[in-house]
1. Taking Val34 and the conditions (1) open to solvent by 10 Å² or more (accessible area, probe 1.4 Å); (2) outside any loop (DSSP other than H, G, I, E, B), which numbered condition does it fall short on, given that it satisfies the others?
2. Inside region 64-87, can you point out the residues that are under 17 Å from Thr20 (Cβ atoms) and touching a residue at least 24 places away in the same chain (Cβ under 8 Å)?
3. In region 1-30, how many residues are open to solvent by 40 Å² or more (accessible area, probe 1.4 Å) and not polar (S, T, N, Q)?
4. Considering region 101-145 alone, what residues qualify as being part of a helix (DSSP H, G or I), open to solvent by less than 30 Å² (accessible area, probe 1.4 Å) and in contact (Cβ under 8 Å) with a residue 40 or more places away in the chain?
Amino acid sequence: MITVRPYAMADAATCADILTLAGRAAFGASAWPVHDVAAFLSVTQDETILVAERDGVVIGFAAVYAGQAPDNFLHHLYVHPAASGQGAGTLLLAAVVAQFGPRLSLKVQVSNTRARRFYACAGWVEDSHDTGTDQIGRWIRMHCWYCDKSSHSRCRDNV
């Protein structure tokens, strides 16, 4: 059984590994750096982190920046590649929406069609007027203004 709980400092090394492995699986090793604990703590600084675990082992995490903007920002949602498709991403996303919704946004790489389908299934809407380019490539912002929490259980976990 997969459960979601608040992050603890003891989770940092595992989350750093997940960030590296899942990022490289999605974008390729040449486009995605290795994240050690210091790098993980740097890219999640000032964010609230939730972890998904199965049998006491962390298999995914989500990090949300809850700042002064009108929307809270889902900055990271990554699942260990060996646990992909087993529901951890769906549970993490539902927990994020429950805790930080209903006004949430995220940026997703345009090339990451798997993640785009996952978020769209959960009710997230792409904003074609809010796009840009970063070190990985083109991204598009998605919003969860009116996400239907019940739709999360219908979505195939693709992250």
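The values are calculated or read from the model by the stated rules, or taken from the named source; none is laboratory data. Everything numeric here is computed off the predicted structure, so don't read it as measured data. Glycine gets a Cβ as well: all are built from the backbone with ideal geometry, and neighbour counts include every protein chain shown. Protein only, heavy atoms only, side chains kept; ligands, DNA and RNA dropped before computing areas. Shrake-Rupley method; radii C 1.70, N 1.55, O 1.52, S 1.80 Å.
1. (2)
2. Initially, region 64-87 is screened for residues under 17 Å from Thr20 (Cβ atoms), giving 75-84.
Once the filter is applied, which keeps residues that are under 17 Å from Thr20 (Cβ atoms) and touching a residue at least 24 places away in the same chain (Cβ under 8 Å), region 64-87 yields His75, His76, Leu77, Tyr78, Val79, His80, Pro81, Ala83, Ser84.
3. 16
4. Step one: list which residues in region 101-145 are part of a helix (DSSP H, G or I), which gives 113-121.
From the residues that got through so far, the ones that are open to solvent by less than 30 Å² (accessible area, probe 1.4 Å) too are 115, 118-119.
Scanning region 101-145 gives Ala115, Phe118.
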